[in-house]
Every structure is written in C-alpha cells, then in structure tokens.
Amino acid sequence: FLVALSFSYLSKILSGTIMKSSITQIERRFGLPSSTVGFVDSSFEMGNLLVLAFVSYFGAKLHRPRVIAIGCFTMALGSFLTAMPHFFMGYYKYETTSHTASSANLTSSINPCSLHQNVNKSLLDISQSGKKLYKLSSAGCEKEPSSYMWIYILLGNLLRGIGETPITPLGIAYLDDFAKEEDVPVYVGILHTIAMLGPMFGFLLGSLCAKLYVDIGFVDLGSITITPQDSRWVGAWWLGFLVGGVTSFLAGIPFCFLPKSLKKPRETNKGKTSHGLLENTGTARKTLPPAKSKPRKCQLIYHFLSDFYASLKKVLCNRMYFTFLCCALLQSSGFIGFLTYKAKYMEQQYGQSTSKSNLLIGLTSLPPVCIGIFLGGLIMKKYKMDILVATKFAFTLSFFAYAISLLHFFVGCENYMVAGKTVSYEGKPILNPENAVFSECNSDCKCASDVWDPVCGDNGITYASACLAGCTASVFHNCSCLEVSSSWTGNNSATLGQCPKSDDCSTKFIYYTVIQVISGFLFALGGTPAYMVMFRCVQPELKSLAVGLYTLIIRMLAGIPAPVYFGALIDRTCLQWGSTSCGQRGACRLYDSNAYRYVYLGVPAVLRGPSYLIAIIFYMLMKKHFQKNNSKPIENGE
C-alpha cells in the first residue's frame, strides 16, 4: 500500500507541478493577465473544496483503496481535458511588426520607420488605435472560439482537483491505522520524499516542453523570429499534461487490487484504529442505533449527517487544532503564491528563460526539500520525539528558514533598460514612463505605442520596436535614437530581441539560489514533525476528518485566493502589455523589476510573520494540556 500510495502522490504532484511550470506559457498563449491565470490555477483547489469534506468522512467508511483508484482515474481525465484546447485552436500568432508588414502586402525591404509613416495610411490609423493591429479583415474576432478555450483548462484543473481529493486523507489514515505507531513518521517521511520526485520530474518536464515551440510539428520553425528568451515565446505546454494524464491513470491501477483492511499489529490495537475506518470495529458498531429491521435509507443518511456534524464540532472546538490551523493557513497562503509565480519571478528578475527557470527549480530547489523531509522523519523516529519536542523542533526550524529567506530582498536585479519605459532615450532613469514613449529621435516615424517587438541597441538599451529606435533600414541599421544616448559613440545598429541583464545580475542570481536552497532545506526538515503534530492533537477516531478538514480549509482560504491576489498585485507592476489578435490587452511583456520584487517577496513575508506569534500560542496550549496528563498524548489524543 505504501508503494502504491507513494506512486499516486508522485503522479498527483507531477500533474500539479506541470500546471505550475506552465503558468507563464498558458498566460501568453491565451493572452491572460496574471490574476486570471491565477484563478485558473486555483480551480484545482475549487475541485477539492467541492468534495473534500465528504470524501474524507464518508470515503473512510467505504473501500478506501478503490476510492483512491477512482480519484486517480479522474485526475487522468482532468489532465487530458486540460491539454485538449491545443488541438482545437489555431496556430499561435505572436505580435510582431513583420505580421503588420505582411498584412499590408509590403516587401521586406521597407524600413521600420517608413512602415508606419507613409506607405499605408489606413494601416497607420488602425495600428495607432490599437484595436485591430494584426487582424484587419476579421469581423467579430472577439467571437473566435479560441478566445474562450482557456475555460477548458479551468475545467480540467477543477476535475483534477476532484480526483486528487481522496488520496491524502484516506491514504494517510489507512497507513496510520495499520502501521506500528513508531513507524508512522518514517512512512510519512518516505511518502513525502518519494512524492517530491513529482515536482522534480514535473519541473524538468516543464523545462523541456518550454524549449519546444508550442506548434512544433505543425509550423516551419525557421519562420519563427522569437527565441525562448523572448517574453512572447510559448512552449509546448500541452505536452506535459498528456504525460501527467498517463501517469495518473497508471497510478490508479494498483489500488484496484488492494484489500479494504490489513492485519493490525497487536501493540497498536488499543486506541489506534480510527472511528469509522473499519467496518468490523466495535467502535463503529456502537454508533449505529439498534434496530430490529433494516433501517431505511433516509434514516441512514440522517445518522451519517448528524454523526458528521458532531465530529466536525469536536474537531473545530479543539483549541490546539484550531490554533495550528490558523498558523498553517498563514504559512500556506505565503507559500502557494510564492510557488505559483516562482518561475515567472526568475524570468523577470534575473532574465532567465522559462525553460531554464523550470530546470533550475527542479535541480536546485527541490532536492534539498526532499532530503529535509526524509531526514525530519528519521530524526523524529531516532530521538522518539514526543509531541511537545516535535512542536518546538518544527516551528524553530521554520522560523530560521523564514529569517534566511528575507535575504532575498537584497539580491534583486535592476530593471531592464527599456527606452521610454524604465530609462529615457538618453539612458537616464525615468519616473513616469507613460509620457516618455516617444522622443524627437523617432518623431518622424509615426510609430505605434502599443507594439512590442523589441530590438537591442548596440548601446545596451532595449527599444520596444525598431520603429521606436528610429531604425531606417530593414536590418536595423541607422537607428537615430541610439545617437542621443549620452554615453554611446559606437555603431547605430540594433538586433532583434531584448538586451540581456548585466553580469552583476548573474552573480546575484547565484546568491538567490543559495538562499533558496538553505531556507528550503531548513523548512522541510521540520515538515514531517509538524505534519505529525496535527495528527496527535485530536482524538484518534477523528484523524481522518482532521486531515481532510485541514486540507479543505487550506485549499479554500489559501489555495484559491492566493494565486489570484498575488497575480493581481503582480499585474500592477506591468510596464508594457501585449496585444491579442483582436487588439485587446493580452499578457504582460515587461514588468517593473523593483516593484515586482517587493510585491513577490513582501506579501509572503507579511503573511508568514504573524504565524510565528500564533505558533507560540499553540505551543503554550499544547504544553498546558499535556502537562495535565502523564499519559502519552499519542495514545490518548485530546
């Protein structure tokens, strides 16, 4: 059962990681702002919310392995549904001035400046309005089916969340019921360590998919003018979901052949088995009212609901459990938003490609977490930690990890040097980019302000388009705006794409990675003891419900809103929005790196900080409660 459960954990986390690693790709492919794509990501939690409480309670009364199997098959279906839009949409069309040129039947010899000046007056009017920049002849383009295809991703993610529901509460409770008491922390450590291979494989797979162009196999890659480093690049995001769907389907097969119950170790028979988890336990029989005849269905449902309400009240009225829940909620809110946009942060802050960001997360951030989780379980077993020692151990390590993570504020990079956005055309910082898009050097070109087809000048400054750089040759030579740069005396030419970040930024990225590794390891080291603390602060017969309720509340109050409000705050730092084929606002192309850093790092810091004050209260309640009882808290629960 442990082997099968570990593989199911791996598959569910693999699929979840593929979603996280594809966030930026989906955002660009469907032209969505970060807040909307955060809402799509949180639909997984909504699926959990729909059925989690009832699956945790009523599922425990059924054949648990088979319920888990059904969940795995549902996850597979959700992954396939998520990938489906790719096969029904048209080819990806990124915004570029070459598209505008071809739509006006212009030759490639036309220079970027004259393209917007006097070649086609109607083209100029349309491009300046920003309403129909690339689709001049498609009436009613807002009604294109592809405009709403992202809804299928939301529904697939929702379905995957429903399928994932029974795995954790039923699987962990099954292990806890039939394993020796001292072995449970080790089993949980093994389970979570193997499960952490899921994010590793997920981010590595996401890295590979991000390198492949979204329409690979269907278009001539030689005609693609953008690279994976470009903010318009979209990788083969759909491929990862197909792999995740197959993995989830395979994970469900072993559970079809596992028994409803296992032989219990003798020493754990007393006070160990969870209420309602075994059909043949005396405890479960006592809760059923005696009846001379077979009870009717409505009476059975009434009994289940009343029993569920009584159990729910017991769990929520447990002050230790409630305090632990509040602490975990603040921690989770910070972590979920942080992890959702981590790859994107590495792209915007340190100039990494989506592919490289996913690769580095898989190779540097996750292995220390795996080792920390496993060592935490071993340490708990070796030193036979009671619940008070485990509490101190977990929260102390978490606080040290939090303190070290604050160093991230000091290893950020400066903004990209983009003329008219972050610096003036002379190369000096500007405070109000809205009034600085145009300059005298490009005033004769009559450029569109909302086009994002960047070129990198030889002076190290990025220009939003060759037209705004004042280039008068199709190969981006004789760019007049390079001449006004106060410190530049070289060639006045440019190359396609953004200028890279400075070498100093590469050094800071190394520091960022080291801080991430250390803080991640310390937090994970206390992860297993913290997880076991939650088990031991409720009555044994309520373990399954406690885990399910914990997961439900974390999903509802942290998993659903965190990606949305993180994304909304990140959207506020955008300096240049892209345009969809209909001329509507699409995904962000350029962010204010400094503002992005303060939002991305500041929100988790503000959320996690107060949780440690609650942790102190939790420890005081635990100490006060268990000092009254000389008996073992693990055996006697509350």
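If I filter the stretch 181-218 down to residues being outside any helix (DSSP H, G or I) and in contact (Cβ under 8 Å) with a residue 12 or more places away in the chain, which single residue comes out as farthest from K382 (Cα to Cα)?
So the residue we want is F218.
Please name all residue pairs, on different chains or six or more residues apart, with Cβ atoms under 8 Å, provided the first residue is in the stretch 443-459 and is open to solvent by less than 60 Å² (accessible area, probe 1.4 Å) and the second residue is of a type in the set (K, R).
Note: pairs meeting the criteria are W452/R232; W452/R589.
Here's the yes/no breakdown for (1) farther than 27 Å from Y350 by Cα; (2) out of contact with any Gly (no Cβ under 7 Å at 6 or more places or on another chain); (3) surrounded by fewer than 18 Cβ atoms within 10 Å (Cβ to Cβ):
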position	(1), (2), (3)
D183	yes, yes, yes
G189	yes, no, no
I194	yes, yes, no
L205	no, no, no
D220	yes, yes, yes
I224	no, yes, yes
T227	no, no, yes
S231	no, yes, no
A236	no, yes, no
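Any idea which of (1) in a helix (DSSP H, G or I); (2) under 33 Å from the mean Cα position of the chain (by Cα) is the one L431 doesn't satisfy?
The failed condition is (1).
Determine which member of the set S34, S8, S15, S21 is under 16 Å from the mean Cα position of the chain (by Cα) and at pLDDT 90 or above.
Just a single option satisfies the conditions, and that option is S15.
If I filter the stretch 351-369 for residues that are closer than 24 Å to A615 by Cα and either of a type outside the set (A, V, I, L, M) or not assigned by the TED database to the domain that holds V188 (or both), do I get at least one hit?
Yes: the stretch 351-369 contains one or more residues that are closer than 24 Å to A615 by Cα and either of a type outside the set (A, V, I, L, M) or not assigned by the TED database to the domain that holds V188 (or both).
I361: crowded, with 20+ Cβ neighbours inside 10 Å and either more than 22 Å from the chain's Cα centre (by Cα) or of a type in the set (A, V, I, L, M) (or both), yes or no?
The answer is yes for I361.
Return the residues of the stretch 168-178 that are closer than 14 Å to F1 by Cβ and open to solvent by less than 10 Å² (accessible area, probe 1.4 Å); say none if nothing qualifies.
If the condition is that a residue be closer than 14 Å to F1 by Cβ and open to solvent by less than 10 Å² (accessible area, probe 1.4 Å), then L170, G171, I172, A173, Y174, D176, D177 are the ones that fit.
So which of F80, F39, F1 is closer than 25 Å to D177 by Cα, in contact (Cβ under 8 Å) with a residue 24 or more places away in the chain, aromatic (F, W, Y) and open to solvent by 10 Å² or more (accessible area, probe 1.4 Å)?
Checking each option against the conditions leaves just F1.
Within the stretch 116-133, identify whether any single residue is open to solvent by 20 Å² or more (accessible area, probe 1.4 Å), modelled with pLDDT under 90 and in the same structural domain as I167 (by the TED database), and answer yes or no.
Checking the stretch 116-133: not a single residue is open to solvent by 20 Å² or more (accessible area, probe 1.4 Å), modelled with pLDDT under 90 and in the same structural domain as I167 (by the TED database).
Do we have S231 as in a helix (DSSP H, G or I) and touching a Lys or Arg at 6+ places or on another chain (Cβ under 8 Å) here?
No: the conditions fail for S231.
Examine the stretch 400-412 for a residue that is modelled with pLDDT under 90 and of a type outside the set (S, T, Y), and state whether such a residue exists.
Looking through the stretch 400-412, at least one residue is modelled with pLDDT under 90 and of a type outside the set (S, T, Y).
Considering the stretch 530-575 alone, what residues qualify as being of a type outside the set (A, V, I, L, M, F, W, C), under 30 Å from Y416 (Cβ atoms) and open to solvent by 40 Å² or more (accessible area, probe 1.4 Å)?
Y565, R572
State which residue is nearest to R589 (Cα to Cα) when the search covers only the stretch 244-266 and only residues that are in a helix (DSSP H, G or I) and open to solvent by 40 Å² or more (accessible area, probe 1.4 Å).
So the residue we want is V246.
Test F535 against the stated conditions and say whether it is of a type in the set (F, W, Y) and modelled with pLDDT of 90 or more.
no
Residue under question is P429, and the condition is that it be closer than 20 Å to Q498 by Cα and open to solvent by 40 Å² or more (accessible area, probe 1.4 Å); does it hold?
The answer is yes for P429.
I need the full set of residues from the stretch 391-426 which are of a type in the set (A, V, I, L, M), open to solvent by less than 40 Å² (accessible area, probe 1.4 Å) and over 30 Å from G377 (Cβ atoms), in order please.
V411, V418, A419, V423
Restricting the stretch 384-442 to residues that are β-branched (V, I, T) and out of contact with any Phe, Trp or Tyr (no Cβ under 8 Å at 6 or more places or on another chain), which is nearest to C537 (Cα to Cα)?
Checked the stretch 384-442; the qualifying residue nearest to C537 (Cα to Cα) is T396.
All but one of (1) modelled with pLDDT of 65 or more; (2) under 16 Å from F58 (Cβ atoms); (3) touching a helix residue (DSSP H, G or I) at 6+ places or on another chain (Cβ under 9 Å) hold for E279, so report the exception by its number.
(1)
Being open to solvent by 30 Å² or more (accessible area, probe 1.4 Å), in the same structural domain as A4 (by the TED database) and under 18 Å from the mean Cα position of the chain (by Cα) narrows it down to one of F241, F201, so name that one.
F201
Listed residues T364, T323; which is over 30 Å from Q498 (Cβ atoms) and assigned to a helix (DSSP H, G or I)?
Exactly one residue qualifies, and that residue is T323.
Just one of G427, G420, G412 is in contact with a Pro (Cβ under 9 Å, 6 or more places away or on another chain) and not charged (D, E, K, R); which is it?
Just one listed residue meets the conditions, G420.
Give me the helices (runs of 4 or more DSSP H) completely within the stretch 1-58, filtered to those with at least 3 residues that are under 25 Å from L262 (Cα atoms) and of a type in the set (A, V, I, L, M), ordered by residue number.
Once the helices (runs of 4 or more DSSP H) in the stretch 1-58 are filtered for at least 3 residues that are under 25 Å from L262 (Cα atoms) and of a type in the set (A, V, I, L, M), what remains is 2-21, 34-58.
The values are calculated or read from the model by the stated rules, or taken from the named source; none is laboratory data. Treat the numbers as computed from the prediction; the structure is a model and nothing was measured. For neighbour counting, all protein chains shown are included, and Cβ atoms are generated from backbone atoms with ideal geometry for every residue, glycine included. Surface areas here come from the heavy atoms of the whole protein model, side chains and all, with no ligands, DNA or RNA. Shrake-Rupley method; radii C 1.70, N 1.55, O 1.52, S 1.80 Å.
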